[in-house]
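Everything on this sheet refers to the single structure shown next.
The values are calculated or read from the model by the stated rules, or taken from the named source; none is laboratory data. Since the structure is predicted, the reported quantities are computational estimates derived from the model, not experimental observations. Note: ideal-geometry Cβ built from the backbone for every residue, glycine included; neighbour counts use all protein chains shown.
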Amino acid sequence: MRAEEGAKEPLWWQQGVIYQIYPRSFRDSNGDGIGDLPGILERLDYLAQMVTVDAIWLSPIFPSPMVDFGYDVSDYTDIDPVFGTLHDFDVLLTGVHDRGLRLIIDFVPNHTSDQHPWFKESRSSRNSSKRDWYIWRDPKPDGTPPNNWLSIFGGDAWEWDEATGQYYLHTFVKEQPDLNWRNPEVKSAMFDVLRFWLDRGVDGFRIDVAHFIMKDPALRDNPPNPALGAREIPAHAWESQQHIHNFGHPDVHGVYREVRRLLDEYGNERPRVSIGEIHEFNWPIWVSYYGKQLDELHMPFNFALLNVVWSAAAVRAIVEAVEDVVRIGAWPNYVLGNHDTHRLASRVGAAQARVALMLVLTLRGTPTMYYGEELGMKDVIIPPELVQDPFEKNVPGLGLGRDPERTPMQWSASANAGFSATDVAPWLPIADDFKTINVESELEDPSSTLDLVRRLLELRRSTLALHSGTYQSIEVEEPDCYVYRREADGRRFVVALNFSAEPKTVSLPESGRGTVRVSTHLDSDGEVDLRRLGLRPNEGCVVEVQDSDSRE
């Protein structure tokens with residue numbers, strides 16, 4: 001059992017639930033087919049009073065040519081006109097705080113747009129004062145790139161600049177040149193960006209590809225990936241290499257210790273949070289981003305549930321691994337979906353998506369929900385002529401595009417699912433099922449996914465055991481079931497999840513009876529016998545144990 005002995009009162013980001021908004025797709029207030037900040041403001045009461053999340057995370061809203069839809073930033077301290085203005089942002093932030101919510105924004109430190117003034121100056125001349133703000137290198141004697149590093153979006157990670165006769169590094173598309181964080185001027189400028197938004201009152205940052213900012217200073221070649229075996233894969237595909245030199249250099253930890261100190265400077269007013277996008281599935285490496293003294297990121301995102309084989313054993317193994325590696329004083333977290341991953345209901349099916357939501361909202365740790373997840377929204381098939389994502393355009397035919405999970409929020413059964421104020425076509429197509437899978441319909445349906453999420457959040461918020469209590473898994477004979485115990489302040493809950501489409505019965509070590517507080521099925525059984533707990537197909541339930549004296 002993991003217990004937080006003598007733990008302090010949990011902070012807002014430990015108790016709360018984070019809700020990710022992809023601003024282009026949440027709510028269009030001005031009828032141009034693209035979501036915006038005033039549109040988010042219009043829907044704050046939905047988030048605060050109906051879903052009852054605790055914090056909102058906004059994907060990038062900064063000025064950008066939108067080659068990668070905001071992750072190619074051309075100005076870190078302003079708002080792109082498609083989303084609104086700085087005044088709109090301030091009004092939104094006030095609205096968030098007035099409702100008792102927190103606001104987290106994206107911070108994109110690894111790269112800028114090639115249209116950023118810094119890069120324009122950098123590429124103007126080899127003698128530019130900002131030349132070393134980016135990673136420029138001479139070609140090899142045969143004219144080829146400086147090393148074999150690859151772009152995540154396909155091909156070499158180096159782009160030739162004819163005017164100055166050198167290559168520059170881009171880990172993503174060529175319009176996203178990588179910054180040189182080994183230059184102290186770059187670090188200082190980027191810390192000023194953090195201060196700009198902290199001074200405006202944001203509550204924290206989600207840090208994009210946080211582990212990428214420090215590369216091997218010698219720029220050594222990456223070795224081939226031995227895990228491929230006989231499987232054929234194009235030489236320039238990302239998976240063809242072991243990525244041991246192009247990101248994750250140990251020097252990155254020093255940067256995040258400094259980021260943490262900066263956030264702590266603002267913490268007297270209210271705690272600020274840093275959450276890093278860390279695509280790392282080696283647990284000792286992943287947990288290192290908390291810092292040896294828990295003085296780096298507050299939480300490195302845990303993405304292990306995004307690609308897991310959806311089974312009781314596999315999911316339990318992930319949770320046990322996280323519990324084993326996260327030290328007392330640190331705080332775990334779980335993610336079921338985001339703007340880069342196919343939607344939960346498309347990955348595991350509508351019935352198991354409800355089980356998954358119960359899982360993530362009752363585990364020990366902070367859950368992050370992706371907009372529309374609370375409705376059971378699914379991926380949308382995007383016709384080739386409507387594809388927007390550069391990933392799909394650069395590496396076509398492999399299903400890597402992220403447009404399917406970025407489609408507009410489904411608010412109602414009206415035109416464009418209520419996303420837009422007019423009948424202008426949204427930037428991506430609306431799902432075919434929007435007339436039934438939408439906020440208005442689900443608010444009236446006690447069997448809906450939205451109603452399930454609301455019930456789970458209400459129980460979680462009112463129950464110390466479920467947001468801050470201890471966790472312990474419970475051994476059961478049924479291999480398709482995952483059962484665990486949450487406990488605090490004299491109250492004990494058992495969460496039992498059936499990962500199969502068949503009815504199951506689990507025998508629990510708890511004696512006596514319990515009361516079903518929430519079930520994924522509407523007609524829960526109320527009082528149950530814990531020695532033979534019946535679970536219907538695809539059912540999860542949260543049971544409060546009446547006899548709290550027994551232990552496993």
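Residue by residue, here is whether (1) over 18 Å from Ser473 (Cα atoms); (2) of a type in the set (Val, Ile, Thr); (3) at pLDDT 95 or above; (4) in contact with a Leu (Cβ under 9 Å, 6 or more places away or on another chain) holds:
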{"position": "Val495", "(1), (2), (3), (4)": "no, yes, yes, yes"}
{"position": "Val506", "(1), (2), (3), (4)": "no, yes, yes, yes"}
{"position": "Gly512", "(1), (2), (3), (4)": "yes, no, no, yes"}
{"position": "Val518", "(1), (2), (3), (4)": "yes, yes, yes, yes"}
{"position": "Leu522", "(1), (2), (3), (4)": "yes, no, no, yes"}
{"position": "Asp525", "(1), (2), (3), (4)": "yes, no, no, no"}
{"position": "Arg531", "(1), (2), (3), (4)": "no, no, no, yes"}
{"position": "Leu535", "(1), (2), (3), (4)": "no, no, yes, yes"}
{"position": "Val542", "(1), (2), (3), (4)": "no, yes, yes, yes"}
(request) For Phe83, indicate whether it is among the hydrophobic types (A, V, I, L, M, F, W, C), touching a residue at least 24 places away in the same chain (Cβ under 8 Å) and on the phi > 0 side of the Ramachandran plot. (result) no
(request) State the number of residues belonging to segment 510-524 that are part of a loop (DSSP other than H, G, I, E, B), surrounded by 15 or more Cβ atoms within 10 Å (Cβ to Cβ) and touching a residue at least 40 places away in the same chain (Cβ under 8 Å). (result) 2
(request) Being buried (at least 16 other Cβ atoms within 10 Å of the Cβ), closer than 23 Å to Trp13 by Cα and in contact (Cβ under 8 Å) with a residue 24 or more places away in the chain is the filter here, so list the residues in segment 305-320 that pass it. (result) Leu305, Leu306, Val319
(message) Which count do you get for residues in segment 150-168 that are closer than 16 Å to Asn180 by Cα, under 33 Å from the mean Cα position of the chain (by Cα) and touching a residue at least 40 places away in the same chain (Cβ under 8 Å)?
(response) 2
(request) Using the structure shown, decide if Gly401 is small (Gly, Ala, Ser), out of contact with any strand residue (DSSP E or B) (no Cβ under 9 Å at 6 or more places or on another chain) and under 20 Å from Tyr46 (Cβ atoms). (result) no
(message) If I filter segment 237-252 for residues that are over 24 Å from Val202 (Cβ atoms) and in a strand (DSSP E or B), do I get at least one hit?
(response) yes
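From the list Glu442, Glu487, Glu477, which one is part of a helix (DSSP H, G or I) and over 22 Å from the mean Cα position of the chain (by Cα)?
Glu442
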(request) Check off (1) assigned by TED's automatic domain parsing to the domain that holds Asp203; (2) crowded, with 19+ Cβ neighbours inside 10 Å for Gly154 and give me the number that stays unchecked. (result) (1)
(request) For segment 208-236, enumerate the residues that are hydrophobic (A, V, I, L, M, F, W, C) and either assigned to a loop (DSSP other than H, G, I, E, B) or modelled with pLDDT of 95 or more (or both). (result) Val209, Ala210, Phe212, Ile213, Met214, Ala218, Leu219, Ala230, Ile233, Ala235
(request) Might you let me know whether segment 478-493 holds any residue that is of a type in the set (Asp, Glu) and touching a Gly at 6+ places or on another chain (Cβ under 6 Å)? (result) yes
(message) Being under 22 Å from the mean Cα position of the chain (by Cα), farther than 30 Å from Glu487 by Cβ and crowded, with 22+ Cβ neighbours inside 10 Å narrows it down to one residue among Met369, Met377; which is it?
(response) Met377
(request) Please name all residue pairs, on different chains or six or more residues apart, with Cβ atoms under 8 Å, provided the first residue is in segment 451-462 and is over 14 Å from Gly16 (Cβ atoms) and the second residue is of a type in the set (S, T, N, Q). (result) Leu452/Thr520; Arg454/Thr52
(request) Quickly run through segment 43-66 and pick out the residues that are within 21 Å of the chain's Cα centre (by Cα), more than 19 Å from Trp197 (Cα to Cα) and not polar (S, T, N, Q). (result) Arg43, Leu44, Tyr46, Leu47, Ala48, Val51, Val53, Asp54, Met66
(request) Please specify each residue of segment 97-120 satisfying the condition of being within 15 Å of Gly204 (Cα to Cα) and either acidic (Asp, Glu) or within 20 Å of the chain's Cα centre (by Cα) (or both). (result) Leu101, Arg102, Leu103, Ile104, Ile105, Asp106, Phe107, Val108, Pro109
(message) Being in contact (Cβ under 8 Å) with a residue 40 or more places away in the chain, crowded, with 18+ Cβ neighbours inside 10 Å, in contact with an Asp or Glu (Cβ under 7 Å, 6 or more places away or on another chain) and not hydroxyl-bearing (Ser, Thr, Tyr) is the requirement here; does Pro408 meet it?
(response) no
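Listed here are the residues, each with its yes/no results for (1) touching a helix residue (DSSP H, G or I) at 6+ places or on another chain (Cβ under 8 Å); (2) surrounded by fewer than 22 Cβ atoms within 10 Å (Cβ to Cβ).
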{"residue": "Asp106", "(1), (2)": "no, yes"}
{"residue": "His111", "(1), (2)": "no, no"}
{"residue": "Ser122", "(1), (2)": "yes, no"}
{"residue": "Ser125", "(1), (2)": "yes, yes"}
{"residue": "Ser128", "(1), (2)": "yes, yes"}
{"residue": "Tyr134", "(1), (2)": "yes, no"}
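Just to be sure, is Leu169 in contact with a helix residue (DSSP H, G or I) (Cβ under 7 Å, 6 or more places away or on another chain) and either of a type outside the set (Val, Ile, Thr) or not assigned by TED's automatic domain parsing to the domain that holds Asp45 (or both)?
No, not satisfied.
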(message) Yes or no: segment 82-100 includes at least one residue that is at pLDDT 95 or above, within 30 Å of Gln242 (Cβ to Cβ) and of a type in the set (Ser, Thr, Tyr).
(response) no
(request) Scan segment 231-250 for residues that are of a type in the set (Asp, Glu) and more than 24 Å from the chain's Cα centre (by Cα) and jot them down. (result) Glu232
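Picking from Phe153, Phe172, which residue would you name as being of a type outside the set (A, V, I, L, M), under 25 Å from Val255 (Cα atoms) and not in a strand (DSSP E or B)?
Phe172
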